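J.: One structure coming up, written as C-alpha cells, with questions to follow.
The values are calculated or read from the model by the stated rules, or taken from the named source; none is laboratory data. Since the structure is predicted, the reported quantities are computational estimates derived from the model, not experimental observations. Don't worry about glycine lacking a Cβ; one is built from the backbone with ideal geometry, like all the others, and counts go over all protein chains shown.
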C-alpha cells in the first residue's frame, strides 16, 4: 500500500505543479477557460497558489503523511468547488476538474488507508 500511496502522491503533485504554474504563466488557452467560468487574474493567482501549496503538502507527506492527507483532501474540496463553478457559469467543459477530483479522492483514500494499516 505504501508504494501506491507514494506513486499517487507524486503523480498528483506533478499534475498540480503543472496546473498551478500554468495559472501564473496564463497562456491563451487557460485565459479562455478562466473567462468561461468568470475568473479574474487575481483569482487565477490564488488558485495557482493553492495548487502549488498542495504540491508541497503532497511531497512533504512522503516524510510526514498527515501533510499529504491534508493536501489531498484540500484538492478534493478544490476540484469539487471547480465543478460547482463550471455548473454555475453554464460551462460544460469540466472533464479536467472531474478527472482531478477522482484522482484526488483516490489519492486521499489510499493515503488514509496507508496510515491506518501502518
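J.: Evaluate segment 33-42: report whether one residue or more is out of contact with any strand residue (DSSP E or B) (no Cβ under 8 Å at 6 or more places or on another chain) and under 25 Å from residue 9 (Cβ atoms).
T.: Looking for residues that are out of contact with any strand residue (DSSP E or B) (no Cβ under 8 Å at 6 or more places or on another chain) and under 25 Å from residue 9 (Cβ atoms), one finds none in segment 33-42, hence no.
J.: Still on this structure: State whether one or more residues within segment 60-71 are within 28 Å of residue 89 (Cβ to Cβ) and in contact with a helix residue (DSSP H, G or I) (Cβ under 6 Å, 6 or more places away or on another chain).
T.: yes
J.: Let me ask something else about it. Residue under question is residue 6, and the condition is that it be in a helix (DSSP H, G or I), surrounded by 15 or more Cβ atoms within 10 Å (Cβ to Cβ) and out of contact with any helix residue (DSSP H, G or I) (no Cβ under 7 Å at 6 or more places or on another chain); does it hold?
T.: So residue 6 passes the test.
J.: Mind checking whether some residue in segment 71-82 is at pLDDT below 95 and either assigned to a loop (DSSP other than H, G, I, E, B) or surrounded by 14 or more Cβ atoms within 10 Å (Cβ to Cβ) (or both)?
T.: Looking for residues that are at pLDDT below 95 and either assigned to a loop (DSSP other than H, G, I, E, B) or surrounded by 14 or more Cβ atoms within 10 Å (Cβ to Cβ) (or both), one finds none in segment 71-82, hence no.
J.: Follow-up. Of all residues in segment 89-118, which are surrounded by fewer than 17 Cβ atoms within 10 Å (Cβ to Cβ), part of a helix (DSSP H, G or I) and in contact (Cβ under 8 Å) with a residue 12 or more places away in the chain?
T.: 89, 98, 105, 106, 112, 113, 115, 117, listed by residue number.
J.: If you go through segment 15-38 one residue at a time, how many are over 17 Å from the mean Cα position of the chain (by Cα) and surrounded by 15 or more Cβ atoms within 10 Å (Cβ to Cβ)?
T.: Total satisfying the criteria: 2.
J.: Kindly establish whether residue 46 is surrounded by fewer than 18 Cβ atoms within 10 Å (Cβ to Cβ), more than 12 Å from the chain's Cα centre (by Cα) and part of a helix (DSSP H, G or I).
T.: yes
J.: Taking segment 49-70, which residues are surrounded by fewer than 14 Cβ atoms within 10 Å (Cβ to Cβ) and assigned to a helix (DSSP H, G or I)?
T.: Listed by number, the residues that qualify are 49, 66.
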